Structure formats: structure tokens, C-alpha cells
1. How many residues does the stretch 1-52 hold that are in a strand (DSSP E or B) and touching a helix residue (DSSP H, G or I) at 6+ places or on another chain (Cβ under 9 Å)?
2. Is it the case that residue 37 is within 21 Å of residue 60 (Cβ to Cβ), at pLDDT 95 or above and more than 8 Å from the chain's Cα centre (by Cα)?
3. Please list, ordered by first then second residue, the pairs with beta carbon atoms under 9 Å, 6 or more apart or interchain, first in the stretch 18-32 and without any contact (Cβ under 8 Å) to a residue 60 or more places away in the chain and on the phi > 0 side of the Ramachandran plot, second in a loop (DSSP other than H, G, I, E, B) and surrounded by 10 or more Cβ atoms within 10 Å (Cβ to Cβ).
4. Among the residues of the stretch 40-61, write down those that are over 10 Å from the mean Cα position of the chain (by Cα) and surrounded by 14 or more Cβ atoms within 10 Å (Cβ to Cβ).
5. Any idea which residue in the stretch 18-28 is nearest to residue 7 (Cα to Cα), counting only those that are surrounded by fewer than 10 Cβ atoms within 10 Å (Cβ to Cβ) and touching a strand residue (DSSP E or B) at 6+ places or on another chain (Cβ under 7 Å)?
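The values are calculated or read from the model by the stated rules, or taken from the named source; none is laboratory data. Bear in mind that the values here come from a model prediction, so they are computed numbers and not experimental data. Note that we place each Cβ from the backbone using ideal geometry, even for glycine, and neighbour counts take in every protein chain shown.
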């Protein structure tokens, strides 16, 4: 599952670009994901984690 935070599950959101003439075209907002080395189930692995989870410290960093 690409572009999804492995801690909180945050993924892309979809909506419209709206022009001045009120024309609507589809667009998507992607979460700010960073690759971080974490300890999960006693093993070190790389995980894609959103910056909000990094700020909160919802995981254990690998040394």
C-alpha cells in the first residue's frame, strides 16, 4: 500500500481544482510521508510514516 502512513493509515484525499470560472477538475492531496527506520515486533524495518506521527513520536526509532 503505497502513499499510506503505516502508523495511522492516513492516505490520499480527493477533490476538485476550482477555477475562477467555476470549472472543476479532479485532483488529489497526498500526505507528507517520510521513510523512517523503526523497531516493529522486535525487528528493524523501514516504514513510510506521516510527519504528524513523527512529531507525536507514535513509534520507536531504530538506532
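1. 3
2. So residue 37 passes the test.
3. Within 9 Å, no pair qualifies.
4. Within the stretch 40-61, 47, 54, 58, 59 meet the criteria.
5. My answer is 26.
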